[in-house]
Each structure stands twice: as structure tokens, then as C-alpha cells.
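See structure below.
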């Protein structure tokens, strides 16, 4: 799997959402290897979007399509400044639920001291902890040099808040502490109206 993470400040929220709908309607069938898109705009106007492809080669071919270039230029008109784009082939998918059914998505982004160790801890935590949180449908974590970004998909914001207010389960405290020691500059981006796209699911 290959991921493209795009972050920017949105100047026109309605236009941004419409551009996403237009891409799904007009471009998704032409994007060979495209799997899904998870993202949206925070209350503060920050857009975050994770786009997944089967391979890097297919993602590059999509970026090179003239229609994709035209769409990208149109998208830039509703953004402030130059978007940040991160490409990575180091992608972990956790959980077996349908991410397109999420009612709330939280992006987490941070820096890590030892990516190999942090990834190992992340995999262990998600494998062991996720079954204890029925509010979590699943997540996708993208690793890039020095950092990571993870999109966690929840059934609803209310359920997510209830879940996060619970104490860390017994036996996870040490593991949790090890992960916290690996992570710095952690930021959260809450999407109460997520933009979710796949072959079978069009954005609301």
C-alpha cells in the first residue's frame, strides 16, 4: 500500500468539500489502484487528507494524469498557501471494520525518536487495545522519516469521547508509557464531518 498525506489551510470549506465530491464523481474511476480517501476539515479550518493506493507506481500515474492536474489546480483556489504533501510506502492498517462508516475521525500526527521501535509499539498497542474499544472501527497509520500520521475512525464523536475518558486498561500502562516516550510534538485534528471516499462510498 502507498499513502499520500495532504495538509493545508482551507479558505472556502464548502468549495473544498465540493471539489472532493467532484473528484470522486469524475476522477475516481480513472485513478488506477486508488483505494480510499479519509479526511476533512477541522473546526479551525485545517484540512487533512489521507489518500491510499495499492502501489506507489499507481499513485504516480494518477498524479501524472492531465485531468488530475486540472483538478489539483482547481482545489488550490480554495486553500491558503501551498499544501504540505507527504508520500510514504510505509503504511499500517489496523482493525477490520469498514472505515467508510466512521461518524468521527481523529488524525494524530507527531515525531518519533526511533521509528522502528515506535512502529512495533504501535502495532502491539493496536492489536491488543483495539478489541477493547468497540467505538474504534479501525485506523491507518502512515510513517515517514522522523514522524507519523494516523487516521483513527470512530463510530461517533460521543462514543470516542466516552472511550477516551476511561482509564488505561490494566497491563497497558507500561506499553503506553513506552509509546509516549517515543513520541514528541503530538497534534490532534478532529473531523466531526469527515470526508470519506472509496470505490463503493461517495463523500456526503
Against the condition in contact with a helix residue (DSSP H, G or I) (Cβ under 6 Å, 6 or more places away or on another chain), part of a strand (DSSP E or B), surrounded by 14 or more Cβ atoms within 10 Å (Cβ to Cβ) and not assigned by TED's automatic domain parsing to the domain that holds residue 50, how does residue 138 come out, does it pass? yes
Just wondering, is there one or more residues in region 78-99 that are more than 17 Å from residue 176 (Cα to Cα), assigned to a helix (DSSP H, G or I), in the same structural domain as residue 156 (by TED's automatic domain parsing) and at pLDDT 95 or above? yes
Per the filter on region 104-135, residues in contact (Cβ under 8 Å) with a residue 60 or more places away in the chain, crowded, with 19+ Cβ neighbours inside 10 Å and assigned to a helix (DSSP H, G or I) are 118, 121
Residue 101: loosely packed, with under 14 Cβ neighbours inside 10 Å and more than 19 Å from the chain's Cα centre (by Cα), yes or no? no
Query raised in the report: Somewhere in region 59-77, is a residue closer than 22 Å to residue 192 by Cα and either touching a helix residue (DSSP H, G or I) at 6+ places or on another chain (Cβ under 6 Å) or surrounded by fewer than 20 Cβ atoms within 10 Å (Cβ to Cβ) (or both)?
Result: yes
**Prompt:** Got at least one residue in region 33-53 being over 26 Å from residue 137 (Cα atoms), in a strand (DSSP E or B) and not assigned by TED's automatic domain parsing to the domain that holds residue 121?
**Reply:** no
By residue number, the members of region 8-32 that are in contact with a strand residue (DSSP E or B) (Cβ under 7 Å, 6 or more places away or on another chain) and assigned to a loop (DSSP other than H, G, I, E, B) are 11
Subset of region 147-166, residues surrounded by 12 or more Cβ atoms within 10 Å (Cβ to Cβ) and not in a helix (DSSP H, G or I), comes to 147, 148, 149, 150, 151, 152, 153, 154, 155, 156
The residue from 123, 106, 111 that alone is at pLDDT below 95 and not assigned by TED's automatic domain parsing to the domain that holds residue 52 is 123
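The values are calculated or read from the model by the stated rules, or taken from the named source; none is laboratory data. In this text, all values refer to a predicted model and were calculated from it rather than measured experimentally. We place every Cβ from the backbone using ideal geometry, glycine too, and count neighbours over all the protein chains shown.
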